Amino acid sequence: MLLTSVQAAADRVAALKGGKRALLAVFAGAISVLAFAPLHVWPVLFLSFGPLVWLLDGCHAGHARLGMRLRCAALTGFWFGFGYFLTGLYWTAEAFLIEPWRHGWLIPFAMTGLAGGMALFYAAAAALAAVLWRPGAARVFALAIAFGLAEFARGHVLTGLPWNLVGYGLAATLPMMQAASIFGVYALSLLALLLFASPFAIWAPQGSGLARRKGTALVALFFSVALAVGAMWGEERMANAGAGTTVVKLRIVQANVDQASKWRPENSEEIFNTYLDLTKSGGGAGGLDGVTLVVWPETAVPFLLADSSEALNAIADVLPEGTSLLVGSARVVAERDADGRLAAERVYNSLIVVGDEGQILGSYDKVHLVPFGEYLPFQDFMESLGFLQLTGIRGGFSAGTGPRLLSIPGAPPARPLICYEIIFPDEVADSSQRAGWFLNVTNDAWFGTSAGPYQHFHQAQLRAVEQGLPVVRAANTGISAIIDPYGRVLGELGLKKEGVVDGLLPEALPITKFVMCGRWIELAVLTFALLGYLAFSLPVGKPKWALA
């Protein structure tokens with residue numbers, strides 16, 4: 001009875017046309033957001049990518065000409081992606097409500113434009129899958145290869161936005177997360193697609209010639225067993241995980257400053273004093289005795305800290321000998337011509353190291369800026385039309401010169417990452433200049449208590465596991481935390497809370513398999529998928545195990 005019902009569902013879904021097909025594709029994509037933070041209902045991805053297989057079956061069975069199949073598949077993939085990214089990135093609308101009189105009218109255009117633009121990657125993936133579509137389990141591999149490549153592409157094309165990659169759905173728990181230390185999130189995404197697409201692919205529309213149930217069931221069983229084995233391995237890795245720490249004592253300060261009032265000039269002194277008071281007292285957690293590093297979040301103070309001797313002196317009065325402050329602040333650098341005349345001023349989103357005497361010991365300028373948030377493409381032209389990025393800085397922020405390690409007194413070298421720089425796996429990995437820890441400062445106040453800050457935090461956890469490095473995270477309104485190299489949260493302050501997180505900096509693990517040979521592992525997983533596709537694409541009877 002159940003099998004008959006599933007077969008009937010496959011027939012109905014594949015036969016959908018026009019608006020009904022688009023609506024189901026949007027719905028299937030939209031529910032995938034439940035798999036990611038903060039809910040982590042990862043099995044929903046079976047109900048997301050499974051129906052997508054049937055919809056693409058319909059494109060194959062319903063159109064004899066390749067051109068029509070491609071058109072059908074591309075539209076299906078687009079609407080699936082539109083739902084996926086509309087719900088997965090809905091929280092970006094919160095940023096437009098900080099100054100609704102200036103940006104609020106843009107919300108409908110920004111939301112549909114962002115979701116539609118990202119959906120083009122899935123449209124291309126579905127079209128590629130349609131080219132590769134073959135009966136039985138081969139179509140599972142076709143979908144996984146195509147969408148796996150799309151996940152990689154959207155993490156790199158046009159500055160990239162690898163947000164809510166499918167692989168994060170397989171990292172819902174700490175044991176499941178451990179596989180990232182070997183595969184990394186891109187290869188994990190391809191494996192996840194194979195897992196989530198295969199059970200529904202056991203069935204195909206009747207009369208389509210796409211059903212080869214035994215072989216497809218074998219594939220579904222294989223990846224289900226692989227999931228269980230991976231989870232058990234993760235449990236074992238966690239059970240044997242040490243709790244090594246350094247002697248570096250940290251204090252992360254979270255002042256919970258409302259973004260709408262942060263940049264009002266009359267509030268700057270109060271905000272600065274709040275940070276100083278929390279730094280000194282720890283919100284009742286004790287003084288600064290033994291504290292090596294104090295960390296304030298991205299653009300913590302609403303003025304140019306490096307240019308304010310008064311503020312630097314006030315910091316020096318608070319910091320005991322041997323304690324340094326790591327603080328996010330805008331930084332202005334004047335560029336002069338050969339005659340010494342001012343040619344331009346560049347504004348950087350920076351992380352500054354302040355010593356115990358108020359001296360500037362070092363700085364890092366953010367490299368990977370947020371399009372439309374920190375700069376506008378074609379900045380001068382867009383500004384001539386009256387547009388400004390969300391930060392409201394005319395000319396926008398300038399990008400730093402490149403990733404590098406930051407030397408900090410009394411601590412291992414740190415890899416600074418400002419805001420969403422931590423979501424780019426390829427940009428933080430560097431086995432030749434390995435850091436002792438990640439220092440991630442961010443200001444997620446733009447996005448309130450939406451899913452955005454939770455998803456951002458979860459991706460920071462996965463970076464820790466991938467790289468085998470602890471993450472020290474300071475966020476203006478949360479979530480601030482100390483994360484060890486296994487992804488465990490050792491200390492945390494949630495959203496919309498004021499206070500501090502005190503703790504010792506965890507020790508780094510030996511270099512992970514992913515850092516050592518991440519690109520080769522990604523290519524190996526892609527090769528595995530290609531071989532699976534070829535094996536299950538063989539003509540009937542060669543061999544029986546592939547086509548049963």
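The values are calculated or read from the model by the stated rules, or taken from the named source; none is laboratory data. Bear in mind that the values here come from a model prediction, so they are computed numbers and not experimental data. All Cβ positions, even for glycine, are placed from backbone atoms using ideal geometry, and neighbour counts span all protein chains on display. For the accessible areas, the whole protein counts, side chains as well, though only heavy atoms, and no ligand, DNA or RNA atoms are used. Shrake-Rupley method; radii C 1.70, N 1.55, O 1.52, S 1.80 Å.
Points worth noting:
- Restricted to the range 150-255, the set of helices (runs of 4 or more DSSP H) holding at least 3 residues that are out of contact with any Gly (no Cβ under 7 Å at 6 or more places or on another chain) and open to solvent by less than 20 Å² (accessible area, probe 1.4 Å) comprises 180-201, 213-239.
- Output for the range 72-117, where each listed residue is within 19 Å of the chain's Cα centre (by Cα) and among the hydroxyl-bearing types (S, T, Y): Y84, T87, Y90, T92
- Considering residues of the range 408-427 that are out of contact with any Gly (no Cβ under 6 Å at 6 or more places or on another chain) and in a loop (DSSP other than H, G, I, E, B) only, the residue nearest to G518 (Cα to Cα): F424
- Of all residues in the range 122-149, those satisfying the criterion of being out of contact with any Leu (no Cβ under 7 Å at 6 or more places or on another chain) and either of a type in the set (D, E) or not in a helix (DSSP H, G or I) (or both) are R134, A137.
- Residue count, the range 421-434 (criterion: touching a residue at least 60 places away in the same chain (Cβ under 8 Å) and within 22 Å of W296 (Cβ to Cβ)): 1
- Residue match in the range 505-521 (condition: surrounded by 20 or more Cβ atoms within 10 Å (Cβ to Cβ), in a helix (DSSP H, G or I), of a type in the set (K, R) and without any contact (Cβ under 8 Å) to a residue 60 or more places away in the chain): no
- Test: T449 is under 25 Å from W263 (Cβ atoms) and touching a residue at least 60 places away in the same chain (Cβ under 8 Å): no
- Of all the listed residues (L288, L305, L293), the sole one being surrounded by 15 or more Cβ atoms within 10 Å (Cβ to Cβ), within 27 Å of D444 (Cα to Cα) and modelled with pLDDT of 95 or more is L293.
Residue-wise test of (1) over 30 Å from the mean Cα position of the chain (by Cα); (2) among the β-branched types (V, I, T); (3) farther than 27 Å from E99 by Cα.
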site	(1), (2), (3)
A243	no, no, yes
K249	no, no, yes
V257	no, yes, no
W296	no, no, no
A300	no, no, no
G322	yes, no, yes
A330	no, no, no
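- The range 13-39, residues that are open to solvent by 30 Å² or more (accessible area, probe 1.4 Å), charged (D, E, K, R) and part of a helix (DSSP H, G or I): K20
- Some residue of the range 462-480 being at pLDDT below 95 and touching a Phe, Trp or Tyr at 6+ places or on another chain (Cβ under 9 Å): yes
- Among the residues of the range 527-545, none qualifies, meaning not one is in a loop (DSSP other than H, G, I, E, B), surrounded by 24 or more Cβ atoms within 10 Å (Cβ to Cβ) and not β-branched (V, I, T).
- Considered as a group, the residues in the range 64-110 that are outside any helix (DSSP H, G or I) and of a type outside the set (G, A, S) include one that is least open to solvent (accessible area, probe 1.4 Å), and that residue is L89.
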